[in-house]
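Asker: Sharing a structure below in structure tokens format, with a few things to ask.
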Amino acid sequence: MSNTIVIFGASGDLTSRKLIPALYQLHAKGRLPKNTRIVGVSRSPFEHDEWRTSLRETTSKFAGKSFSSEKWDTFAPNVYYQSGDIKDAASFKTLAEFLNEIEEGKSTGRVYYLSTMPQLYATAVDQLGAAGLACEDNGTRRVIIEKPFGTDLATAQALNASIHNVFGEEQIYRIDHYLGKETVQNIFALRFANSIFEPLWNRNYVDHIQITVAEEVVIGRRAGYYDTSGILRDMFQNHILQLMMITAMEPPARYDGTMVRDEKVKVLHAMRKMTGGDFASQTVRGQYKGYLDEEGVPPGSQTATYAALKLYCDNWRWRGVPFYLRSGKGMSCRTTQIVIQFKNVPHMMFGDKSRVPMGNRLVMQVQPAEGIQLHFETKVPDAGMKTRTSHLDFNFQDSIGGDSLPDAYQRLLLDAVQGDASLFARGDEVELAWGIIDPIIEAWNSPAAPPLLQYETGLWGPPEASQWMFDQNREWFDVCPVIR
Ligand SMILES: NC(=O)c1ccc[n+]([C@@H]2O[C@H](COP(=O)([O-])OP(=O)(O)OC[C@H]3O[C@@H](n4cnc5c(N)ncnc54)[C@H](OP(=O)(O)O)[C@@H]3O)[C@@H](O)[C@H]2O)c1
């Protein structure tokens, strides 16, 4: 069966920067199923060739040295453009006719990628349904929904309900590009394809877990979006909770979309609800100095650009083990890391008694470079029985030689075409995630809110957040990329 990928939002940033380069790379590697057509849809007027020419330029820029003119020339003829307005039913009628024409009425799997403004997701899905474009009589029909999926629990529920009017859950692919990253998928391999980690991966050996998504950049000109979103909606409800679920989940019996997501969802069900004073004692919120001077930020805005949360997962594996989740703009560097901090040895009989070792630590770095670092104590040579912390490094890039790691969108687009939803969020998962984040947002907008701490850019967020950890006899792992 051949395939057609229809991208709504064809003239947009994501399409030219990520989607088309990813599809081109898949084609160049011979992974894109034969006879896959790509149809771009947006209101801007383009002729097919005009769009192809513009995409060639952007793809060669983003694909870098791996771009090959010859391969592009075999890819481009299958790329088409159809001008249309998502709000206009007639555009969908024209689109249906165009698709039938290029597919020559043959049985064809279709993937509709909604890479447009979130306010248009529900309308686009309604229109697809009304135009008969969701009907599976002549091949599979799937829809990929970009983030953000709702802005709170109520809007996510409404969006789910509206999409379910047209598509069944098994046809819906809610994207979180973090799940397409090699290191994130490697957490599955590390945990469930090795026997040495899993026995330690629990409350008996783990003191706590830290998940950090640090961005060096500030908001720049994105105030319009960012000031209404803030750090919790922007980073926690999606990426950080996804990383937490994969770190905390039980081993599924099989690696498939249902079983993997069942286990992830169980983690969310087990998350302890914050109540009363928890919002002040278990959350830290901050705003970088200068945020209020950014273009478009309303005077006196209380939007947080930094957050740290202490969450608990109340099940047999994790009872009593804190999960510290944090993210910030204007931080010391760009890095995403998951740190498994193991408990210290019960008694240290060696070396410098004044030095308390940290305990073993496993650092999984998701970006910028992807890799793993294991920290452990070793003897200092020629110094009696003094010990120090050493590390073993695994760098994904080194393991594949000169090639660069595939962008997350390659994996996710191919999975959607092939019908594997393991790395996409399910409807209940998204709603449960909002159910964790919503009460915190609500508390932060109430008198129960912790103070909005100011912090200098270029450091690790508010100094009070470090003190907060010290007060719990713990320390943030403030290390800029451990793997380069
Ligand atoms: N860019 C990223 O890096 C990124 C990363 C993660 C997630 N996302 C998500 O991906 C989605 C797209 O982001 P983007 O950055 O590509 O946005 P964008 O550059 O603003 O593009 C929006 C696209 O939607 C089209 N559009 C707007 N109104 C339309 C209508 N009524 N009918 C048909 N098409 C319409 C626009 O084209 P016309 O004006 O020509 O119609 C344009 O192609 C958003 O949901 C965003 O949150 C983006």
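Asker: Can you pull out the GluC sites (Glu not before Pro) in the stretch 94-134 that DSSP calls coil and that have at most 13 other Cβ atoms within 10 Å?
Answerer: Glu104
Asker: Then there's this: Classify the stretch 251-400 as rounded, prolate or oblate from the Cα gyration tensor: take a ≥ b ≥ c as the square roots of its eigenvalues, call it rounded if a/c is under 1.5, otherwise prolate when a/b beats b/c and oblate if not.
Answerer: prolate
Asker: Around Arg355, with a cut-off of 9 angstrom between Cβ atoms, what is the net charge of the other residues, counting Lys and Arg +1 and Asp and Glu -1?
Answerer: That works out to +2.
Asker: With θ set to phi - 60° and the Karplus curve 6.51 cos²θ - 1.76 cosθ + 1.60, what are the ³J(HN,Hα) couplings of the stretch 338-348 in order, to the nearest whole Hz, using x for Gly and Pro?
Answerer: Along the stretch 338-348, the couplings run 10, 10, 9, 9, 7, 5, 6, 5, x, 8, 9 Hz.
Asker: Quick one: 3J(HN,Hα) in Hz for the stretch 104-118, Karplus 6.51/-1.76/1.60 with θ = phi - 60°, rounded, Gly and Pro as x.
Answerer: 6, x, 7, 4, 9, x, 10, 10, 9, 9, 8, 9, 9, 4, x
Asker: I'd like the per residue volume of the convex hull spanned by the Cα atoms of the stretch 137-289, given in cubic angstrom.
Answerer: 187
Asker: Also: What Kirkwood radius, in Å to one decimal, follows from the Cα pairs of the stretch 1-41?
Answerer: It is 10.6 Å.
Asker: If you take the square roots of the eigenvalues of the alpha-carbon gyration tensor of the stretch 376-431 and sort them as a ≥ b ≥ c, do you get rounded (a/c under 1.5), prolate (a/b over b/c) or oblate?
Answerer: It comes out oblate by the Cα gyration axes.
Asker: Based solely on its DSSP helices, what 222 nm [θ] is calculated for the chain when runs of n ≥ 4 H residues each add -39,500 (n - 2.57) and the sum is averaged over all residues, nearest 500 deg cm²/dmol?
Answerer: -9500 deg cm²/dmol
Asker: How large is the translational diffusion coefficient of the stretch 2-146 in µm² per second when you combine the Kirkwood radius over alpha carbon pairs with Stokes-Einstein at 25 °C and 0.890 mPa s?
Answerer: The calculation lands on 160 µm²/s.
Asker: Which of the three applies to the stretch 303-345, rounded, prolate or oblate, going by the alpha-carbon gyration tensor with a ≥ b ≥ c and a/c under 1.5 meaning rounded?
Answerer: Oblate, because a/c is 1.5 or more while a/b does not exceed b/c.
Asker: Which cysteines does the chain leave without a neighbouring Cys Cβ under 4.7 Å?
Answerer: Cys135, Cys313
Asker: May I ask for the equivalent-ellipsoid semi-axes of the stretch 179-470, computed as the square root of five times each C-alpha gyration tensor eigenvalue and listed largest first in whole Å?
Answerer: Over the Cα atoms of the stretch 179-470, the semi-axes work out to 30, 26, 21 Å.
Asker: If amide hydrogens are placed 1.01 Å from N in the peptide plane, which non-local residues have theirs closer than 5 Å to the one on Val111?
Answerer: Amide H neighbours of Val111: Thr4, Ile5, Val6, Arg142.
Asker: Right, here's the next one. What is the mean projected area of the alpha carbon convex hull for the stretch 177-261, to one decimal in square nanometres?
Answerer: 7.4
Asker: Taking amide H atoms as placed 1.01 Å from N in the peptide plane, list the residues 5 or more away in sequence, or in a different chain, whose amide H sits under 5 Å from that of Val321.
Answerer: Cys313
Asker: Tell me which residues come under 5 Å, amide H to amide H, from Thr387 once H is placed; ignore anything under 5 positions away on its chain.
Answerer: Here Asp352, Val380 satisfy the definition.
Asker: Using only Cα atoms, locate the centre of the stretch 197-217 and the centre of the stretch 416-454, then give the distance between them in Å, rounded to an integer.
Answerer: Their Cα centres are 19 Å away from one another.
Asker: Tell me the trypsin sites (Lys or Arg not before Pro) within the stretch 228-278 that lie in a loop according to DSSP and have at most 16 other beta-carbon atoms within 10 Å.
Answerer: Listed in order of number, the matching sites are Arg254, Arg272, Lys273.
Asker: Whenever you get a sec, compute what percent of the accessible area on the chain sits on carbon and sulfur atoms (1.4 Å probe).
Answerer: C and S atoms contribute 52 percent here.
Asker: Another question, if that's okay. Sort out for me the Cα centre separation of the stretch 237-316 from the stretch 345-364, rounded to whole Å.
Answerer: 30
Asker: If you don't mind, another one. Under a no-solvent Debye model with one identical scatterer per Cα of the stretch 218-321, what's log10 I(q)/I(0) at q = 0.14, 0.24 Å⁻¹?
Answerer: -0.69, -1.24
The values are calculated or read from the model by the stated rules, or taken from the named source; none is laboratory data. The shown structure was predicted, so the numbers you read here are calculated from the model rather than taken from an experiment. Please note: Cβ atoms are built from the backbone with ideal geometry, for glycine as well, and neighbour counts cover all protein chains shown. These area figures cover heavy atoms from the full protein model, side chains too; ligands, DNA and RNA do not enter into them. Shrake-Rupley method; radii C 1.70, N 1.55, O 1.52, S 1.80 Å.
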